[in-house]
Amino acid sequence: MPHDKFHYEFMFGTLRPACLSLLSLLLFFLLSLNSVQGQTDSSQVEISPDNTAVAVTSDGTDEAVVAEGEKLFNTNCRACHAVDKKLIGPALAGVYDRRDLDWIKLFIRNSQAVIASGDEYAIDLFEEYNKTVMTPFNLADSEIESILSFIKFEAENVTSAAQTDAGVASTDTGNQAPSSFLSAVLIGLVVVLALILVVLFLIIGFLTKFLQQRDELDEADRDIVNQKFNLTKLVKSPAFVGIVAFVFGILVLKSVIDGLYQVGIQQGYAPKQPIAFSHKLHAGQFEIDCNYCHTGVRKSKSANIPSANICMNCHGQILTESLEIQKIYAAIENDRPIEWVRVHNLPDLAYFNHEQHVKVGDQECQTCHGQIQEMEVVEQFAPLTMGWCISCHKETKVDTKGNAYYDNLVELHAQHSNEPLKVEDIGGLECAKCHY
Ligand code: HEC
Ligand code: HEC
Ligand code: HEC
Ligand code: HEC
Ligand code: HEC
Ligand code: HEC
């Protein structure tokens with residue numbers, strides 16, 4: 001019966017590859033689930049600080065010495081030095097190879113004396129760091145050696161630290177919520193796929209049994225029904241190839257779209273600043289007005305970052321001994337501005353004016369910058385995309401009370417609309433208002 005045969009062939013030719021495809025999808029999802037959790041795991045590990053110090057060191061240095069060195073480094077040196085990058089002073093990784101131990105001890109105890117003695121290396125370094133004076137430290141030999149062991153240990157673990165840093169950066173930008181959401185979705189998919197798979201196997205088993213009991217099947221039909229599992233044939237079957245190509249296409253498309261959406265968006269960006277300045281302390285606890293430091297915010301386009309002189313209004317007297325504050329003095333002595341890392345940055349093609357929003361538009365800083373007065377480190381709160389500007393302009397009413405400038409506009413607007421005057425009605429959606 002050629003007609004029936006077509007049916008069997010179709011049935012088994014489709015059902016079996018479908019099972020295989022589902023099986024591989026299942027595997028794929030299980031794998032992605034694993035990697036999604038791996039991502040969150042690695043960032044959680046990083047949350048507990050100082051875990052490097054407790055680990056056994058690779059070259060057999062006593063871990064207690066390293067821990068001791070870390071403590072000393074954090075209290076005395078961290079303000080100006082990092083192991084793997086330049087801060088106020090040079091990166092200290094490899095210093096034990098650059099200089100001998102005696103030189104290092106002399107330099108730490110009294111760098112100025114080493115420089116005054118005419119040591120060429122020290123003089124060059126001093127010049128290179130704009131004559132920043134390193135504080136003298138009255139440390140014992142063993143203490144300096146333990147600091148060096150710690151630096152060596154850190155330097156050797158820089159690569160692993162950099163990796164975890166990357167993990168943290170990605171959660172900082174708000175990936176944590178999506179990744180747990182993704183996990184939930186993936187788990188759901190895995191369960192559904194597994195169920196479908198079980199049902200398909202049941203159907204195949206059922207049909208095979210049923211067909212075997214029918215007598216009118218000829219030899220060829222029986223061959224098809226009893227066909228053994230043939231991997232090469234399955235992999236080559238159009239159904240399998242089609243499904244694999246489809247899944248692959250979707251994945252590529254998804255990563256391209258995700259990538260495009262992220263271009264230029266820096267929401268959650270919170271760079272480390274050269275001085276540990278805290279808005280939580282200054283604007284929160286001590287309630288210093290935003291305008292006191294950001295002097296331009298009510299009268300010009302830019303809000304301004306305060307110069308070191310503004311800090312000196314208070315820190316000429318307050319906390320003069322603090323290492324963080326001494327960085328302010330160093331900047332003034334060297335006549336160099338403090339190199340704050342810019343957090344918010346619109347592309348050059350866009351025009352944004354603070355006065356227009358804060359003074360004329362009466363918008364709160366917090367609407368666009370979040371709860372700055374609670375931040376230890378400033379973080380970009382809003383996405384700063386064009387869509388973000390536009391949607392606020394569509395929703396926000398213009399504050400027209402007591403502003404004669406708007407009287408005519410309000411009257412005109414009222415003639416053809418019952419809605420209050422919004423920013424979009426005064427030209428807030430015109431390209432040229434925001435683009436040069
Ligand atoms: C106030 C900032 C400051 C502090 C605190 C500080 N340093 Fe320095 N350090 C510097 C500067 C700046 C230099 C570069 C030389 C110069 O300008 O005198 C330097 C240079 C060095 C050098 C030479 C580096 C090289 O590449 O040859 C060593 C070693 C060093 N510091 C160790 C330490 C140690 C250890 C501590 C903590 C006990 C420490 N420093 C604390 C600012 C500081
Ligand atoms: C005592 C001075 C001071 C006060 C008061 C202050 N700031 Fe700042 N602000 C700074 C300094 C310094 C920086 C640059 C360093 C940083 O980003 O932490 C800064 C940075 C910022 C930035 C990020 C700028 C960028 O790089 O994009 C924002 C936004 C900001 N402040 C908003 C506020 C708001 C809102 C208030 C009031 C609630 C406020 N500040 C009060 C000193 C101050
Ligand atoms: C209106 C006064 C005022 C101004 C202006 C001011 N501060 Fe402060 N600052 C304070 C006070 C008060 C404290 C906390 C003192 C305390 O904890 O005893 C403080 C603490 C700090 C600390 C913590 C230091 C430590 O070792 O704990 C840093 C860092 C700091 N300020 C940096 C700055 C910088 C940078 C500027 C300029 C952008 C600045 N401050 C401007 C009043 C001010
Ligand atoms: C929280 C709401 C809000 C956000 C976000 C916002 N704006 Fe505005 N914007 C306003 C208000 C309110 C006014 C009206 C001010 C007035 O009364 O003239 C305004 C006015 C303007 C104007 C003047 C329009 C005109 O015709 O006078 C420009 C230009 C502008 N905004 C640009 C931007 C840009 C660029 C962004 C994004 C980077 C942005 N705004 C984000 C609320 C917002
Ligand atoms: C309508 C939204 C909005 C409001 C309200 C707003 N800002 Fe901004 N702020 C921005 C945008 C957008 C930028 C980025 C500007 C750029 O890159 O040109 C910015 C940048 C800054 C900067 C970085 C320096 C600069 O001028 O570019 C500081 C500091 C700042 N804002 C402080 C404040 C303070 C303080 C207030 C409240 C008094 C405030 N902002 C209110 C949107 C806003
Ligand atoms: C309320 C302010 C505002 C208005 C009105 C506005 N834009 Fe934009 N536009 C922006 C901002 C802010 C950016 C930068 C967004 C970013 O960096 O993601 C931008 C970015 C762009 C870009 C660059 C592509 C991109 O996403 O980075 C183009 C093109 C553009 N706008 C075209 C237009 C056109 C055309 C109009 C008029 C129909 C218009 N814009 C109206 C604020 C505005």
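The values are calculated or read from the model by the stated rules, or taken from the named source; none is laboratory data. A quick note: this is a predicted structure, and the numbers were derived from the prediction, not measured. Cβ sites come from the backbone with ideal geometry, for glycine too, and all protein chains shown count toward neighbours.
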Can we say residue 356 is near ligand 4 (Cβ under 8 Å from one of its atoms) and surrounded by 13 or more Cβ atoms within 10 Å (Cβ to Cβ)? yes
Looking only at segment 331-352, count every residue that is away from ligand 2 (no atom under 15 Å from the Cβ) and under 24 Å from residue 291 (Cβ atoms) and tell me the total. 1
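Report yes if some residue within segment 249-264 is touching a residue at least 24 places away in the same chain (Cβ under 8 Å) and farther than 27 Å from residue 135 by Cα; otherwise report no. Can you show your working first?
First, pick out the residues of segment 249-264 that are touching a residue at least 24 places away in the same chain (Cβ under 8 Å): 264.
Remaining after also requiring farther than 27 Å from residue 135 by Cα: 264.
Yes - at least one qualifying residue is present in segment 249-264.
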Could you figure out which of (1) within 16 Å of ligand 4 (Cβ to nearest atom); (2) closer than 25 Å to residue 385 by Cβ; (3) in contact (Cβ under 8 Å) with a residue 12 or more places away in the chain isn't true of residue 364? (3)
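Would you mind finding the one in 308, 276 that is under 30 Å from residue 136 (Cβ atoms), without any contact (Cβ under 8 Å) to a residue 40 or more places away in the chain and not aromatic (Phe, Trp, Tyr)?
Exactly one residue qualifies, and that residue is 308.
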If I go through segment 346-356 residue by residue, how many of them are in a loop (DSSP other than H, G, I, E, B) and touching a Phe, Trp or Tyr at 6+ places or on another chain (Cβ under 9 Å)? 4
Failed item, numbered, when residue 265 is tested on (1) aliphatic (A, V, I, L, M); (2) in contact with a Pro (Cβ under 9 Å, 6 or more places away or on another chain); (3) modelled with pLDDT of 80 or more; (4) closer than 30 Å to residue 86 by Cβ: (3)
Filter segment 370-409 for residues that are of a type in the set (Gly, Ala, Ser) and either surrounded by 14 or more Cβ atoms within 10 Å (Cβ to Cβ) or under 19 Å from residue 421 (Cα atoms) (or both) and give the result. 370, 382, 391, 402, 404
Count - residues of segment 381-396 that are touching a helix residue (DSSP H, G or I) at 6+ places or on another chain (Cβ under 8 Å) and not in a helix (DSSP H, G or I): 3
Failed item in (1) more than 38 Å from the chain's Cα centre (by Cα); (2) surrounded by fewer than 19 Cβ atoms within 10 Å (Cβ to Cβ), with residue 131 passing the rest: (1)
Can you list the helices (runs of 4 or more DSSP H) found entirely within segment 81-142 that contain at least 1 residues being within 20 Å of residue 322 (Cα to Cα)? 101-109, 111-116
Quick check on my filter: what residues within segment 284-306 are near ligand 3 (Cβ under 10 Å from one of its atoms), part of a helix (DSSP H, G or I) and of a type outside the set (Ser, Thr, Tyr)? 285, 293
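Quick grid of which residues meet (1) acidic (Asp, Glu); (2) assigned to a loop (DSSP other than H, G, I, E, B); (3) touching a Phe, Trp or Tyr at 6+ places or on another chain (Cβ under 6 Å); (4) over 29 Å from residue 76 (Cα atoms):
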| site | (1), (2), (3), (4) |
| --- | --- |
| 317 | no, yes, no, no |
| 327 | no, no, no, no |
| 331 | no, no, no, no |
| 358 | no, no, no, yes |
